[in-house]
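Okay, structure first, notes after.
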Amino acid sequence: MHFNEISGTEPLQELLLPPASQIGITVSNLEKGVRFYQSLLHVKKWYRTKITDADYFYKDKAIDQKLDIVVGYWGKMQLELIQQNCSVENIYTRHAAPGGFGLHHLGVVVGDLERKVSMLRDMGILPLQTGTIRFGRGGLTHFAYMDSMARAGFILELIETRAFGLNLGMPEWLVNIGRATGDTELFESQ
C-alpha cells in the first residue's frame with residue numbers, strides 16, 4: 001500500500017498516535033551541528049543525558065552501537081542531534097539522509113510501545129531498530145524505529161520513557177530535573 005492509497009477506514013486511525021514531539025537529525029559533528037541548529041532555529045540550550053547502559057537491536061539482531069546524542073527544544077518540540085561513532089550497520093548508517101546528515105526521523109511519545117509496535121506490525125510496518133536506554137537514577141527509554149518510509153515518507157520512532165515507573169515523556173522540565181540531579185549536563189559547543 002502506498003501513501004496515496006490510505007483510506008479513511010485505514011487501521012492507522014486506530015493507533016491514536018499523539019502529535020510528534022521529536023525531530024531526529026543526524027550530524028557528522030555534534031559541536032558543529034549544535035552551532036548550526038542553534039543559529040538556524042534559535043535553540044538556546046542543548047543537553048546531554050548520561051546513558052548508563054543500552055541495548056540496541058537492528059532488524060532483531062543485537063548490535064554494539066556507539067553514538068553521541070544531544071537534545072534541545074524548539075518550542076515544545078525536542079530536537080535530537082545524533083552523531084554516529086561506529087561502522088556497524090544500524091538505523092543511522094542504513095537510513096541516512098542524503099549526504100549522511102539531516103532529517104532522520106519523527107518521534108512520538110507513547111505509553112504502550114509494545115502494543116503500538118504490534119499494531120503497526122499487523123499493518124505491515126515493521127520495526128527497523130529497537131532498544132532500551134538506561135540513564136540516571138532509574139530512567140528508562142524503550143524505543144522502536146518503524147519502517148514507515150514507503151508509506152509515510154519518513155521513519156517513525158515510537159518512544160516510551162519512564163522514570164520511577166511513571167511514563168513522563170521527554171519535556172524540557174524533566175531534562176532540567178536531570179541537570180539538578182547530575183544525570184544530564186548542559187552541552188556547549190566550543
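Structure data summary
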{"quantity": "Set of lysines near Lys44 by C-alpha distance (under 27 Å), chain-local residues within fewer than 8 positions excluded", "calculated": "Lys32, Lys66, Lys76"}
{"quantity": "Top positive-direction residue, dipole computed over the chain with Cβ charges, set Gly24, Ile69, Ala54", "calculated": "Ile69"}
{"quantity": "Dipole moment magnitude, nearest 20 debye, the chain about Cα centre, only Lys, Arg, Asp, Glu C-beta charged", "calculated": "480"}
{"quantity": "Under-5 Å amide H pairs with Gly136, H placed in peptide plane, nonlocal only", "calculated": "Lys50, Thr52"}
{"quantity": "J(HN,Hα) series, region 171-180, from Karplus relation 6.51 cos²θ - 1.76 cosθ + 1.60, nearest Hz, glycine and proline x", "calculated": "x, 4, 4, 5, 4, 5, 5, x, 5, 5"}
{"quantity": "³J(HN,Hα), Karplus 6.51/-1.76/1.60, whole Hz, each residue of region 42-52, x for Gly, Pro", "calculated": "6, 7, 7, 10, 10, 10, 10, 7, 7, 7, 8"}
{"quantity": "Integer Hz, Karplus 6.51/-1.76/1.60 couplings in order for region 146-160, x for Gly and Pro", "calculated": "9, 7, 9, 4, 5, 9, 10, x, 8, 8, 9, 9, 9, 10, 10"}
{"quantity": "Overall form of region 14-69 per C-alpha gyration tensor (a/c, 1.5; a/b vs b/c)", "calculated": "oblate"}
{"quantity": "Kirkwood Rh in Å, taken over all unlike Cα pairs in the chain", "calculated": "17.2"}
{"quantity": "Helix-only CD estimate at 222 nm, as mean residue ellipticity for the chain, using -39500 (n - 2.57) per DSSP H run (n ≥ 4)", "calculated": "-5500 deg cm²/dmol"}
{"quantity": "Positive dipole terminus of the chain, leading residue within Leu79, Leu140, Leu166 (C-beta point charges)", "calculated": "Leu79"}
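Bear in mind that the values in this text are calculations on the coordinates, not laboratory data. Keep in mind it's a predicted model, so treat the numbers as computed, not measured. Note that each Cβ is placed from the backbone with ideal geometry, even for glycine, and that neighbours are counted across all protein chains shown.
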